[in-house]
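Worksheet: the structure to be examined is printed underneath.
The values are calculated or read from the model by the stated rules, or taken from the named source; none is laboratory data. Predicted model only: the values in this text are computed from it and were never measured. With ideal geometry, Cβ positions are generated from the backbone for all residues, glycine too; neighbour counts draw on all protein chains shown.
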2 protein chains.
Amino acid sequence: MKISQLAELSGVPVATVKFYIREGMLPRGEATSATSADYGDEHLSRLRLIAALADVRGLPLARVREILALVDAPVGDPLEILGRAVGALPPYVDGDRADYPRARAAIAELGLTYDPGFTAVAQLEEALRALEGTGLDASPTVLRRYSEAMRRVAAEEVAPVASMQLDQAVTYAVLGTALYEPVLLALRRLAHHHLLVERAGAAASD
Amino acid sequence: MKISQLAELSGVPVATVKFYIREGMLPRGEATSATSADYGDEHLSRLRLIAALADVRGLPLARVREILALVDAPVGDPLEILGRAVGALPPYVDGDRADYPRARAAIAELGLTYDPGFTAVAQLEEALRALEGTGLDASPTVLRRYSEAMRRVAAEEVAPVASMQLDQAVTYAVLGTALYEPVLLALRRLAHHHLLVERAGAAASD
């Protein structure tokens, strides 16, 4: 297909498509003349992925690039790759500290693994610090509510990895972390909305 | 306390504290002389809240202001307030469309409430669109996994609202939406990490 079609199908403007090509994020099409090139489905899906990360997740370009690099050339063991993928996602926190006391206490309480080198530990520390002084409950009981839900979800998410090739598993882990999060949050917001609508209906029919 | 202490306790630099005061986001302290003022615990908790929204959630200042306005002067019914709170949070999407076909189909499948005026519907639409062409599964089975987890969480979150005054309920709903999300996501990432560590341990002892 032509670049104009690629732009139309992906919803990404032609100028932006050209920018991604210049930046090396999207491969060039196959030249068909001095001024035009042919693009295939692999270009379309790559472009959709870039748009998903940049537009839907709102990631800065440097972070999109990090994630593409992980998917293109998975280096290291799965834990290391997961760590890099998580580090490319917000919230961007200072991950260089030797200890994260709030996260350490919570993780011990919840029976998870405390590894100060894994960015989500620093992210949990900041998230817990943010709750302090807001009057919101961050007791073990409340944290367990979130943790139990996420452990069940994570166990189902991780299950298919056993039957995947390494590169497929990496793509799944990296993109799954980045792209299922907005789904999860939208569904939490919709569940609140649904409960309020139900309650209003019940009150009206009293 | 003095402004320097307020800055130290909150971790927000003095210049930024002064900026929030000028912007009307933080009340002035009580003047104790021509050049100094006294700040109380209510200043500290307000400042922590602003920092939580601006720094941990990374919200633009205009969005922080919207959320503070909702908490300060709750207007409308709970559904409307929830809608505004959700609209102040990312992902920022075009919420003016008449219909969101992907979200509509998913919501019908999941037994939630479809209201195109509620921003999370547009957010789900974008999140589902982002999954297309990435090879990640967005079938009803997978969506149900997330939806069931979020419905259980939401039911527990909504339960204490019944015993709250309106203004307290609004603060809880608005801040709970904004500030428990980073906790939830950090715990999902930590659950993945924990599962990988466990698996590596099991493989090593084989």
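Summary of computed values
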item: Checking B:V71 against (1) in a loop (DSSP other than H, G, I, E, B); (2) of a type in the set (V, I, T); (3) under 24 Å from A:A200 (Cβ atoms), the condition it does not meet; result: (1)
item: The listed residue being in the same structural domain as B:A88 (by TED's automatic domain parsing) and modelled with pLDDT under 95, out of B:E23, B:E66; result: B:E66
item: Residues (within 14 Å of another protein chain (Cβ to nearest Cβ), assigned to a helix (DSSP H, G or I) and crowded, with 19+ Cβ neighbours inside 10 Å) located in region B:7-53; result: B:S10, B:H43, B:R46, B:L47, B:R48, B:L49, B:I50, B:A51, B:A52, B:L53
item: Per-region count, region A:57-75, residues more than 12 Å from chain B (Cβ to nearest Cβ) and not aliphatic (A, V, I, L, M); result: 5
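Residue-by-condition table, conditions (1) free of Cβ contacts under 8 Å to residues at least 24 places away in the same chain; (2) more than 7 Å from every other protein chain (Cβ to nearest Cβ); (3) buried (at least 21 other Cβ atoms within 10 Å of the Cβ); (4) closer than 30 Å to B:E80 by Cβ:
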site	(1), (2), (3), (4)
A:A149	yes, no, yes, yes
A:E156	yes, no, no, no
A:V174	no, yes, yes, no
A:V183	yes, no, yes, yes
A:L190	yes, no, yes, yes
